[in-house]
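Visitor: Have a look at this one before I ask anything.
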Amino acid sequence: MSPVQASCPACGAPIQFKIGSSIVVVCEYCNSVVARGDRNLEDLGKVADLVETGSPLQVGLRGIYRGVPFELTGRAQLGHPAGGLWDEWYAAFQDGRWGWLAEAQGRFYLTFPGSIPQQALIEPFDSLELGGPVRSLPLQVPLIVAEKGTARMLGAKGEIPYKITPGELYDYADLSGPHGEFATLDYSEQPPLVFIGRELHLSELGFPPDVVPPEREAHRVTAAQLNCPQCGGPLELRAPDKSERVTCPNCSSLLDVSQGKLAFLKALDPRVKPFIPLGSIGEFFGTRLMLIGFMVRSVEFEGVRYYWEEYLLYEPQTGFRWLVRSDDNWNFVETVPPASVMVSGERAVIYNGKRFKLYQDAAARVEHVYGEFYWKVMTGEVVRAADYIAPPLMLSKEESFVLQLPQPGAKDKKPKAVRAGEINWSLGTFVRPQEVERAFGISGLPRPSKVAPNQPYPYKKIYKYWGLLLLAVIAMAIVVAATTRPQKVFEQTYTLDPIKSQDDSQVRFTEPFELKGRRNIVVTAAASVDNSWVEIDGDLINQATDESEAFTLPIEYYYGVDDGESWSEGSRSPDIYLSAQPAGTYILGFEARWEKFQQPMAVTIRVEQGVFNGGYIVLVLILLSLFPIVMLIYHWRFEARRWADSDYSPYQSSS
Amino acid sequence: MLSRAYLIIGLLIIGGYGLLALTGTELGRAHREKIPADVRQSPGGYRSFHSTSIWHSGFRGGK
C-alpha cells in the first residue's frame, strides 16, 4: 500500500500515513495526534514533547526479528505511577503484524497483540494480585503479575497502531514468566487487550551495528550540569535521562528531577556519606558501572533498628545494578524476572533450579539518600523485603506499598498501606571487600566481623577431597589385598622340656629358611595355653651378616565366668609384623619362659611373607578423616553464625 | 588454600601407605643388633646375650 498524504487538521502541515494499518500519526509540527477514521481525519489533541531518555532507538530504524524485517514507525512515552516514564516503540513488521517494543531502565520487551479466545474472562484489574498467577491466559508457561499500575499517556511521535488520547490514564498489568516471557494486560478497553512476548536484548532485534550511539558509554554519562534551587550550588546529573531524584552535594537537599528541572523536596542529614565517592567507576563481571546513587535503609527487629547501605550503579547498555553493604559484607545485585522465582513451601523459593531458604522478612525503610535515583525515592519509603539465601547467592523480594487515602466521609481518616505497584526480585552475589576495592581501585574498606547471610563457606572442597581420598584408599586396599600372595616360609612345632622356675628359660634355633626381599614378614607363635602364659623373646637372624631383628610374642589366654557371663582375653597364637629384610637365608632364635614351668610346653613357630596388613588401611582412613571432622565442627559453627541474625535459623532451639 | 593443603597432605598419606605396601615396610621401632654365630652356638651364650638385651620386655604374663 502506498503512503497516504494528508494535512494536519490542527495546523495544516503535511502529514503522512506510511503504514496502511496505523491508526494515528503525530504531527511533527504541532504535536497534534491525528487519527484517521472511515471518512475524516480527527484531531485527538496535542501531546507533550518527548523527553530525551537517551534511548538508542529512533523512529525510522529498521531491524529484523526472527527473520522478519520491521521498522520502528512510532514512539510513545508513558508516565509510571511511581514517577518516571517509559518508552514504547511501535514496530511495523513486513508480514503485517505490529510489535510493541517497551523500553524501561535499559531493558527491552517485545510483545504482539495476543488472540485469546476467552479474552472476556481475563481477571478484572482489581482482582489481580502482585506475584499471583494469571490463570485466564491459556499459555503453556504460567505468568505472574509483576507490576500493576496506572499509566498516563505523556507524549508521542510518528505512526502508532492504536488510538491514543493525550493525558489519558489507563490501568495495566505487566506479567512475567520464568524464562523471560513477558505479557501486558491493557485495561484501556473492555475486554482488556493482551500483548504477549518476551524480554530480549537489543542485539536480537537485528538493528544496524551503529544503532548504539557512542555517547551512551558510561564515561560520557556525566552530561548535565545544574544548579541546586535551594542553595544555588552546582550539581551534576550523571544519568540525566533516567534520574528522578538527586541530592545536592552542597546542601544535602533532596531534589525532584522533572524533565531536567530541579525542585526542592526536603533537607537531608548532611553527615551521611557513602564510603565510595559518587561518580566512581567500578568493574563488576566485565561491565564498567558508574556509582550514581547511595541510600541507607533499615529494618527493625525487637525494637532495634539495623542499617545497611545500597549503592546504585549505572551503565547505559546494562542498566542499573546495586552494590549492597551490610555489616561490611558486600553483594552485587541485579534484578531477575519475578516469574523466574517459584515458591517452594513456606520458607523457600526456587530460582534457576536452585533452592533458596528464607533468611529474613521485614519492612525495609529508606533512611537516607544521596546522589541520583531512577524512581521518586523518599526517605521514610517502606517496602516489604524478604531475603532468601543459597550461598553465594541471595534472592531478595521487594513488594511496594501505596498509601491509599480514605474515601470522603470515611470514619478512618488515616491512609492505609495497600500492597500494590510492583513486586521485584533481585539476585545478589556475595563479593568480598577486596573485590570491591579492586573494582573501584580504592583501599581501606572495613573488613567484616560477621558471617554474611550468603557468604559461601570457604572450605567445602575439603569434603569433596575427603570423599575422593577415602575412595582412593579403599580402591588401593582392594588392589593391594587382591595382589598380595601370602607365603608360608617356615613352620615347626617345638616341645620344650620343663624348666626349673619361671625365671629359667629354654632356647631354640630354627632350621634355616629363605626370605625374599621387599615383602613384610609375619611371625606367629602358638601354644595351647589355658589360663596361663608363655613368653617368646625372639630374633630373626640373617645368617650371612648376623644382623638380627628382635621381637617379643606373649602367648596368653584367659577365660572364665563372672556373674554368669563368660569372658575370655588374649590369644593362643599371637603374631607380629616385621619389616621386609634383605633377601637371604635366615634362622629364628627364641627364648621361651612359661607359667607352668614344671610341665613341658609345645610351641609352634610359623613365618610368613607378603601378608596384607589391614590395620594400615584403618590407620590411613583415620588420618584422612581427622581434619575433615574438625572442619565439620567449624562448618557447623560457621553456619550457626550465618543464621545468627535470622528469624528462621535452623540452628536456634525452639524454646 | 586449606582445602588444597588437605588434598596434598592426604595424597602424601596415601602415597606413604603405597610405599609401605610396595616395600613391605612395617611401622614401629625395629630392634636391630648383630648376634654373631659364636654367641648363638655357645651353650648359654644366646640366653645370656638375651638377658642383657634392653629391649626384651621381661614379660611375665598373667591376667
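Coordinate-derived values only; no laboratory data. This one's a predicted model, so the numbers in the text were calculated from it and none came from an experiment. Glycine gets a Cβ as well: all are built from the backbone with ideal geometry, and neighbour counts include every protein chain shown.
Visitor: At 7 Å along the Cα-to-beta-carbon direction for both A:Lys261 and A:Gln317, put a label point, then send me their distance in nm to one decimal.
Guide: 3.6
Visitor: Continuing with the same structure: Below 8 Å, C-alpha to C-alpha, sequence gap of six or more: please give me the relative contact order for the stretch A:294-336 in percent. Don't skip to the answer; put the middle values down first.
Guide: Values: 66 pairs, mean separation 11.5, N = 43.
Across the stretch A:294-336, relative contact order equals 27 percent.
Visitor: If you take every residue apart from A:Val431 with its C-beta less than 15 Å away from the C-beta of A:Val431, what net charge results, scoring Lys and Arg +1 and Asp and Glu -1?
Guide: Numbers: positive: A:Arg321, A:Arg325, A:Arg432, A:Arg438, A:Arg447; negative: A:Glu283, A:Glu309, A:Glu310, A:Asp327, A:Asp328, A:Glu334, A:Glu435, A:Glu437.
My count for the surroundings of A:Val431 gives -3.
Visitor: Rounded, prolate or oblate: which one fits the stretch A:517-623, using the alpha carbon gyration tensor with axes a ≥ b ≥ c (rounded when a/c is under 1.5, else prolate when a/b beats b/c, else oblate)? Walk me through the numbers before you get to the answer.
Guide: Working: a/c = 3.28, a/b = 1.36, b/c = 2.41.
Note, shape of the stretch A:517-623 comes out oblate.
Visitor: Averaged over peptide A:582-589, how many Cβ atoms belonging to another chain are found within 10 Å of each residue's Cβ?
Guide: 1
Visitor: Can you find, among A:Phe638, A:Trp308, A:Tyr187, the residue sitting farthest towards the positive end of the charge dipole of chain A, where Lys and Arg contribute +1 and Asp and Glu -1 at Cβ?
Guide: It is A:Tyr187, whose Cα lies furthest towards the positive end.
Visitor: A follow-up question, please. Return one number: the angle in degrees, 0 to 90 and rounded to the nearest 10, between the long axis of the Cα atoms of helix A:461-483 and the longest principal axis of the Cα atoms of chain A.
Guide: Long axis of A:461-483 versus the principal axis of chain A: about 40 degrees.
Visitor: Kindly flag which residue pairs out of A:Lys354/A:Lys397; A:Lys397/A:Lys461; A:Lys273/A:Lys397; A:Lys488/A:Lys596; A:Lys148/A:Lys397 have an alpha-carbon separation exceeding 22 Å in this structure. Display every interim value, and only then the final one.
Guide: Details: A:Lys354/A:Lys397 16 Å; A:Lys397/A:Lys461 31 Å; A:Lys273/A:Lys397 26 Å; A:Lys488/A:Lys596 30 Å; A:Lys148/A:Lys397 16 Å.
Checking Cα-Cα distances, A:Lys397/A:Lys461; A:Lys273/A:Lys397; A:Lys488/A:Lys596 exceed 22 Å.
Visitor: Averaged over its residues, how many other protein chain Cβ atoms are within 10 Å of peptide A:532-545's Cβ atoms?
Guide: Across A:532-545, the average partner-chain Cβ count within 10 Å equals 4.
Visitor: If each DSSP helix of 4+ residues adds -39,500 (n - 2.57) and the sum is divided by the residues in chain A, what number results at 222 nm, nearest 500 deg cm²/dmol? Provide the component values of the computation, followed by the final result.
Guide: Details: 3 runs with 60 residues, N = 655.
Only helices count here, giving -3000 deg cm²/dmol.
Visitor: At what distance in nm do the modelled label points of B:Thr23 and A:Ala544 sit from each other, each positioned 7 Å from its Cα along Cα→Cβ?
Guide: Spacing of the two 7 Å Cα→Cβ label points: 2.0 nm.
Visitor: Between A:Ser571 and A:Ser298, what FRET efficiency comes out of the Förster formula 1/(1 + (r/R0)^6) with R0 = 60 Å and r the beta carbon distance, rounded to 0.05?
Guide: After rounding to 0.05, the efficiency reads 0.25.
Visitor: Could you give the nm distance between label points at A:Ser649 and A:Glu346, where each point is 7 Å from its Cα heading toward the beta carbon?
Guide: Once both label points are built, they end up 2.0 nm from each other.
Visitor: So how far, in whole Å, is the C-alpha centre of the stretch A:464-478 from the one of the stretch A:419-440?
Guide: Distance between centres, Cα-based: 40 Å.
Visitor: Over the whole of B:5-18, what's the average partner chain Cβ count within 10 Å per residue? Rounded to a whole number, please.
Guide: 6
Visitor: Could you list the square roots of 5 times each eigenvalue of the Cα gyration tensor of the stretch A:456-571, that is, the equivalent ellipsoid semi-axes, sorted largest first and rounded to whole Å?
Guide: One finds semi-axes of 40, 27, 14 Å for the stretch A:456-571.
Visitor: Among A:Thr484, A:Ser579, A:Gly37, which residue has its Cα positioned farthest towards the positive end of the charge dipole of chain A, with +1 placed on the Cβ of Lys and Arg, -1 on the Cβ of Asp and Glu, and the dipole taken about the Cα centre?
Guide: A:Gly37
Visitor: Now, a different point. May I ask for the Rg/Rh ratio of the protein assembly as shown, computed from Cα atoms with Rh as the Kirkwood radius, given to two decimals?
Guide: 1.29
Visitor: With the Cα gyration tensor of the stretch A:1-139 giving a ≥ b ≥ c as the square roots of its eigenvalues, does the rule (a/c under 1.5 for rounded; else a/b larger than b/c for prolate; else oblate) give rounded, prolate or oblate?
Guide: It comes out prolate by the Cα gyration axes.
Visitor: Also, I was wondering about something else. To the nearest 0.05, what FRET efficiency results for A:Arg355 and A:Val59 with a Förster distance of 60 Å applied to their C-beta separation? Can you show the working numbers first?
Guide: Numbers: r = 46 Å, r/R0 = 0.77.
Given R0 = 60 Å and the Cβ-Cβ separation, E is 0.85.
Visitor: Using alpha carbons only, how many angstrom separate the centre of the stretch A:589-631 from the centre of the stretch A:330-366?
Guide: So the separation of the two Cα centres works out to 59 Å.
Visitor: Based on the Cβ-Cβ distance of A:Ala13 and A:Arg152, what FRET efficiency does E = 1/(1 + (r/R0)^6) give at R0 = 35 Å, to the nearest 0.05?
Guide: Efficiency, rounded to the nearest 0.05: 0.85.
Visitor: Note the full-extension length gain between A:Tyr634 and A:Thr287 as 0.36 nm times their separation in residues minus their Cα-Cα distance, in nm to one decimal.
Guide: That works out to 121.3 nm of additional length.
Visitor: Any chance you could run the full-extension gain for A:Ala362 through A:Tyr29? It's 0.36 nm times the residue separation minus the Cα-Cα distance, nm to one decimal.
Guide: Additional length available on full extension: 114.7 nm.
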